[in-house]
2 protein chains.
Amino acid sequence: MELLKNRILTDGRALNEQVLLVDSFLNHQVDPELMEQVGEEFAARFADAKIDRVVTIESSGIAPALMTALKLHVPMVIMKKQPSRILKEDTLQTEVFSFTKNAPFQLTVKAKFLPKGQRVLIIDDFLANGEAASGAIRLIEKAGGVVAGVGAVIAKVFQPGMANLKGAGYRVEVLAPVRRLDKDQIEFLEEKA
Amino acid sequence: MELLKNRILTDGRALNEQVLLVDSFLNHQVDPELMEQVGEEFAARFADAKIDRVVTIESSGIAPALMTALKLHVPMVIMKKQPSRILKEDTLQTEVFSFTKNAPFQLTVKAKFLPKGQRVLIIDDFLANGEAASGAIRLIEKAGGVVAGVGAVIAKVFQPGMANLKGAGYRVEVLAPVRRLDKDQIEFLEEKA
């Protein structure tokens with residue numbers, strides 16, 4: 001998605017080989033028009049995937065996921081990050097390790113918002129190690145749903161998340177795949193037309 | 001907003017005198033079309049308020065705030081809930097007490113996303129005690145901004161938040177003001193036409 005890549009080059013900033021700062025338009029200050037275009041792009045890419053609902057993980061995935069759900073005319077479900085293991089009735093939970101916070105959290109969702117047999121699209125802002133996406137997949141499949149795809153606004157493809165998900169047979173769409181980062185350097189993966 | 005009130009009566013559920021559950025369309029499973037209409041309603045109500053940006057508090061305010069910002073053609077800023085007092089350079093922080101979690105958190109925002117002199121609209125899903133909104137107001141005013149209004153999708157007007165904000169001179173718009181709750185009973189405030 002050229003518009004997004006250009007925006008990352010203009011307003012994003014690579015702090016080092018690992019960290020890409022995009023908090024001026026994606027996950028702290030958010031550009032709603034860009035999010036609408038991101039939603040349109042995901043909806044177009046997954047138009048043939050018969051998506052019943054979009055799932056995301058709080059909180060920076062909510063903006064792109066909401067716009068994708070709007071364009072696909074399906075509900076959006078926000079999986080919550082709970083610090084504890086307090087498990088209520090009708091709740092699905094799985095432990096996820098956050099590399100950003102260097103601590104685990106309990107990814108949590110009410111089972112009734114993942115009805116059996118539904119085709120679910122996971123949307124998140126970043127795909128890096130894939131821990132959050134894998135946790136979401138475990139919960140969706142535990143609920144009897146089908147993971148019809150994973151969409152990431154940005155993927156750091158030099159980290160194992162994207163390859164692992166594709167290796168496990170999941171369809172992954174990335175709007176801005178980043179091949180390499182270094183201080184003030186951002187390189188995207190060349191994509192086939 | 002009749003559409004929203006009807007949805008609350010149909011799909012919401014009062015658990016007791018304090019708790020209104022709307023997690024099937026507002027803050028866990030989210031109806032994107034309803035959020036779009038909520039955004040349009042806030043944009044119409046604040047059309048004369050010369051809004052420069054919309055601010056919300058993660059994470060359940062993000063969906064209505066994003067749609068409001070889209071309709072007003074302004075950026076949206078997500079204030080973060082930090083557990084600790086780790087204060088980075090260029091970061092504004094204030095302590096807010098969460099009655100839901102019965103614990104304080106540090107409401108945090110990068111100062112550069114609240115430029116001086118800007119007219120800011122705060123949007124959140126719920127207004128109850130007004131702690132989160134008051135914290136957001138403190139940060140916006142500390143940054144040299146003007147709080148041009150507070151918009152809540154739902155307000156529990158029997159709790160002090162709405163009255164306190166109005167008493168302090170802030171403009172408050174509530175799409176569904178709830179006058180009274182009791183087990184399986186929801187009563188809205190009558191509004192002047």
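The values are calculated or read from the model by the stated rules, or taken from the named source; none is laboratory data. Predicted model only: the values in this text are computed from it and were never measured. As a convention, Cβ positions derive from the backbone with ideal geometry for all residues, glycine included, and neighbour counts pool all protein chains shown.
Looking for whichever is modelled with pLDDT of 95 or more and either touching a helix residue (DSSP H, G or I) at 6+ places or on another chain (Cβ under 6 Å) or within 20 Å of A:ASP31 (Cα to Cα) (or both) here; the options are B:LEU181, B:LEU139, B:LEU175. Which one fits?
B:LEU175
For the stretch B:1-14, how many residues are touching a strand residue (DSSP E or B) at 6+ places or on another chain (Cβ under 8 Å) and either more than 13 Å from every other protein chain (Cβ to nearest Cβ) or among the acidic types (Asp, Glu) (or both)?
7
Restricting to the stretch A:25-52, name every residue that is part of a helix (DSSP H, G or I), within 7 Å of another protein chain (Cβ to nearest Cβ) and of a type outside the set (Asp, Glu).
If the condition is that a residue be part of a helix (DSSP H, G or I), within 7 Å of another protein chain (Cβ to nearest Cβ) and of a type outside the set (Asp, Glu), then A:PRO32, A:MET35 are the ones that fit.
Out of curiosity, is A:THR68 part of a helix (DSSP H, G or I), touching a strand residue (DSSP E or B) at 6+ places or on another chain (Cβ under 8 Å), of a type outside the set (A, V, I, L, M, F, W, C) and at the interface with another protein chain (Cβ under 10 Å from one of its Cβ atoms)?
Considered against the rule, which asks whether it is part of a helix (DSSP H, G or I), touching a strand residue (DSSP E or B) at 6+ places or on another chain (Cβ under 8 Å), of a type outside the set (A, V, I, L, M, F, W, C) and at the interface with another protein chain (Cβ under 10 Å from one of its Cβ atoms), A:THR68 comes out as yes.
Given the conditions (1) more than 9 Å from every other protein chain (Cβ to nearest Cβ); (2) in contact (Cβ under 8 Å) with a residue 60 or more places away in the chain; (3) within 12 Å of the chain's Cα centre (by Cα), which single one is not true for B:SER60?
Among (1) more than 9 Å from every other protein chain (Cβ to nearest Cβ); (2) in contact (Cβ under 8 Å) with a residue 60 or more places away in the chain; (3) within 12 Å of the chain's Cα centre (by Cα), B:SER60 violates only (1).
The rows are residues; the columns are (1) crowded, with 20+ Cβ neighbours inside 10 Å; (2) in a strand (DSSP E or B).
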| position | (1), (2) |
| --- | --- |
| B:MET79 | yes, yes |
| B:LEU92 | no, yes |
| B:PHE97 | no, yes |
| B:LYS116 | no, no |
| B:VAL120 | yes, yes |
| B:PHE126 | yes, yes |
| B:ALA132 | yes, no |
| B:ALA176 | yes, yes |
| B:GLU190 | no, no |
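Taking the stretch A:22-57, which residues are touching a residue at least 40 places away in the same chain (Cβ under 8 Å), under 24 Å from A:LYS116 (Cβ atoms) and of a type in the set (D, E, K, R)?
A:LYS50, A:ASP52, A:ARG53
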